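Here is the structure we will look at.
The values are calculated or read from the model by the stated rules, or taken from the named source; none is laboratory data. Given the structure is predicted, the values throughout are model-derived calculations rather than measurements. Note that we place each Cβ from the backbone using ideal geometry, even for glycine, and neighbour counts take in every protein chain shown. Note: areas computed on protein heavy atoms with side chains; ligands, DNA, RNA excluded. Shrake-Rupley method; radii C 1.70, N 1.55, O 1.52, S 1.80 Å.
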Amino acid sequence: KLRDVEVQLRLNNVNLIMERKQLMSLGRAVSRWRVCAARQSDEWLTEQSKLRDLEVQLRLNNVSSILQRKQLMTMGRALSRWRVCAARQRDEQQKPLDVEAQLRL
């Protein structure tokens, strides 16, 4: 009986050693997973930051584009007014010539 108990204790000891090794292996795997997850989280945060920067840049570009479009529209209106004014001046300058031509007839 004593030998059976010794054998059983040795088997239990071997089982405990195996379980401890498995737990240590699992612990190392969990640690590696945590490190990997932390890296991916950092990469994700970096990518999120880059995405936010791009969104801000797009908004700034959009605002700049809107401002440029407004400037072009303002310049276009100013050019139209200038053309109208120039046409009126041309017409005013031609009126005396038209009057003189009619007087000659």
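Listed values, structure above:
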| read-out | value |
| --- | --- |
| Hey, E55 assigned to a helix (DSSP H, G or I), surrounded by fewer than 10 Cβ atoms within 10 Å (Cβ to Cβ) and of a type outside the set (K, R) or not | no |
| Unique match (being of a type in the set (D, E, K, R), open to solvent by 90 Å² or more (accessible area, probe 1.4 Å) and under 56 Å from the mean Cα position of the chain (by Cα)) among D4, D42 | D42 |
